[in-house]
1. Does SER68 count as at pLDDT 90 or above, part of a helix (DSSP H, G or I) and surrounded by 10 or more Cβ atoms within 10 Å (Cβ to Cβ)?
2. Anything in segment 36-58 that is free of Cβ contacts under 8 Å to residues at least 24 places away in the same chain, assigned to a helix (DSSP H, G or I) and either of a type in the set (Asp, Glu) or open to solvent by less than 100 Å² (accessible area, probe 1.4 Å) (or both)? List them, or say none.
Amino acid sequence: MNILSIYARVTHAGSKAYRVFSSIRQVFSSVRLWNQGRLTRATLSRLSDHELDDIGFVRGDIDDLAYSSSRKL
């Protein structure tokens, strides 16, 4: 076995590992974004209509706000 074939095997194995870890990182990122939206939705839902009006929102805006806040992270 020469040095080039060893390098090719190591590089190929590293590339597979990178794809696996990248996929795992994407899953964790998706879960984190989903949870952030869930927490935002729960927090805004606990506010009264008057409190929501004070910050410039209505109850119907909550889902859109939760979705958009989780996408900005």
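The values are calculated or read from the model by the stated rules, or taken from the named source; none is laboratory data. A quick note: this is a predicted structure, and the numbers were derived from the prediction, not measured. Note that we place each Cβ from the backbone using ideal geometry, even for glycine, and neighbour counts take in every protein chain shown. These accessible areas exclude ligands, DNA and RNA; they are computed on the full protein's heavy atoms, side chains included. Shrake-Rupley method; radii C 1.70, N 1.55, O 1.52, S 1.80 Å.
1. no
2. Across segment 36-58, the qualifying residues are LEU39, ALA42, THR43, LEU44, SER45, ASP49, GLU51, LEU52, ASP53, ASP54.
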